[in-house]
1. Would you check which residues across the stretch A:97-153 are among the aromatic types (Phe, Trp, Tyr) and closer than 19 Å to A:Tyr168 by Cα and list them?
2. Working only within the stretch B:30-42, note down all residues that are part of a helix (DSSP H, G or I) and farther than 20 Å from B:Phe106 by Cβ.
3. Against the definition (more than 13 Å from the ligand (Cβ to nearest atom) and either in contact with a strand residue (DSSP E or B) (Cβ under 7 Å, 6 or more places away or on another chain) or more than 14 Å from every other protein chain (Cβ to nearest Cβ) (or both)), how does A:Glu131 come out, yes or no?
4. Just to be sure, is A:Val75 in contact (Cβ under 8 Å) with a residue 12 or more places away in the chain, away from chain B (no Cβ under 14 Å) and touching a helix residue (DSSP H, G or I) at 6+ places or on another chain (Cβ under 8 Å)?
5. For B:Met93, state whether it is within 9 Å of chain A (Cβ to nearest Cβ) and either crowded, with 17+ Cβ neighbours inside 10 Å or at pLDDT below 95 (or both).
6. In the stretch B:43-54, how many residues are within 11 Å of chain A (Cβ to nearest Cβ) and either in contact with a helix residue (DSSP H, G or I) (Cβ under 7 Å, 6 or more places away or on another chain) or charged (D, E, K, R) (or both)?
7. Do the conditions hold for A:Phe61, that is, is it modelled with pLDDT of 95 or more, surrounded by 12 or more Cβ atoms within 10 Å (Cβ to Cβ) and among the hydrophobic types (A, V, I, L, M, F, W, C)?
8. Within the stretch A:98-128, track down each residue that is on the phi > 0 side of the Ramachandran plot and either within 14 Å of another protein chain (Cβ to nearest Cβ) or near the ligand (Cβ under 8 Å from one of its atoms) (or both).
Amino acid sequence: MAREHEEQPMHPHAPRRQMTRRQFLSYTLGAAGAFMAGGVIIPMIRFAIDPLLKPKAVVPFVKVAELSQISSQPVSYSFQTLQIDGWIEKNVEQTAWIAKSSAGELFALSPVCKHLGCTIDWNSNPQHPNEFFCPCHAARYTPEGKNLAIAPAPLDEYEVKIENGFVYLGGIRPNTIAT
Amino acid sequence: MLKAVYEWIDGRLDITPMWRDVADHEVPEHVNPAHHFSAFVYCFGGLTFFITVIQILSGMFLTMYYVPDIANAYASVDYLQHKVAFGVIVRGMHHWGASLVIVLMFLHTLRVFFTGSYKNPREMNWVIGMLTFGVMLGLGFTGYLLPWDNKAYFATKVGIEIAASVPFIGETIQNFLQGGDIVGAETIARFFALHVFFLPGVLLALLAAHFILIRKQGISGPL
Ligand code: FES
């Protein structure tokens, strides 16, 4: 609706281009309309994208194993964590493969395959002894979780805390043991 | 930039005549509040539509969190209202808008009645408007159950009992609405389906007919 070229200037000597009444009114109408539409739409958009803006929940540490039991051979330990899923809160079972590295450092690996998310197992393929093996597409990992085949990254690990001879596990983070 | 996009689309789709036909027509003096302030009574229909649009939008967004199930419905409403940002506003729009739409529609009906606008040749639009009124009440009734709190449950029980008192077919209506022997899991599932699919579909069809008839017949003359 740009009409600026159609209107004749009222004073031929005044070169200043003035806004026409029609332009002013249509801008005002547009602004008022945009304000009202925004007032309705913006809360709804914010409502819809809330999951993106929520802070990540802090995972509490859970007592999982006795320190004296851990050897260099990975062993799977199950433990319960509280999962908050919107309006549903439930205890879910998690598994960690816990062992000591050659340097004597304790670590706990997540059993979720880094290829496409199946569950890995220890020493389950006779052709590849002493490795983690994934049955879905035959990804393999070292005891420290380093990816040997198929998978693009090493197995994730749990945050580990040791207190009074017990192993506590927390949130999941990228592998720091495997080299 | 916007103008270029519009022109690119318009060059292919020729949309200017479409929206011109919908939006660009003269408002007669006797319905224009700028001429006679009392003409604001002619705004109630448009306001009803405005609120209806808000209802549809806020309802669409609410279903992103709401679950129509007796075990989770209340918890999901509680969650979306108290834990999700602006949940109280979006649900508030839907809650208050539901009442407002009935009020405005009633005022619109009064205006049409007292200006005699329902008379020949516009009787059919009056009938369509009455059907719309019925659909809106149906939307209100089915939506009321969905939060699954005490008020929802007993209001629905009472409403269904009233429907059940219809001679001869009352029990059939009751069974259809309940979807079973009690107001329960099957009731909330079908009320949700009616509330978000069937009734809005009928509503949009009726509104389209309502507006097409207004454009065909024009606004009724001054008193
Ligand atoms: S998911 Fe484990 S190998 Fe593909």
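1. Selection gives A:Trp97, A:Phe107.
2. B:His30, B:Phe37, listed by residue number.
3. Answer is no for this residue.
4. Yes: the conditions hold for A:Val75.
5. yes
6. 2
7. So A:Phe61 fails the test.
8. Matches in the stretch A:98-128: A:Gly117 only.
The values are calculated or read from the model by the stated rules, or taken from the named source; none is laboratory data. These numbers come from a predicted model, not from an experiment. Please note: Cβ atoms are built from the backbone with ideal geometry, for glycine as well, and neighbour counts cover all protein chains shown.
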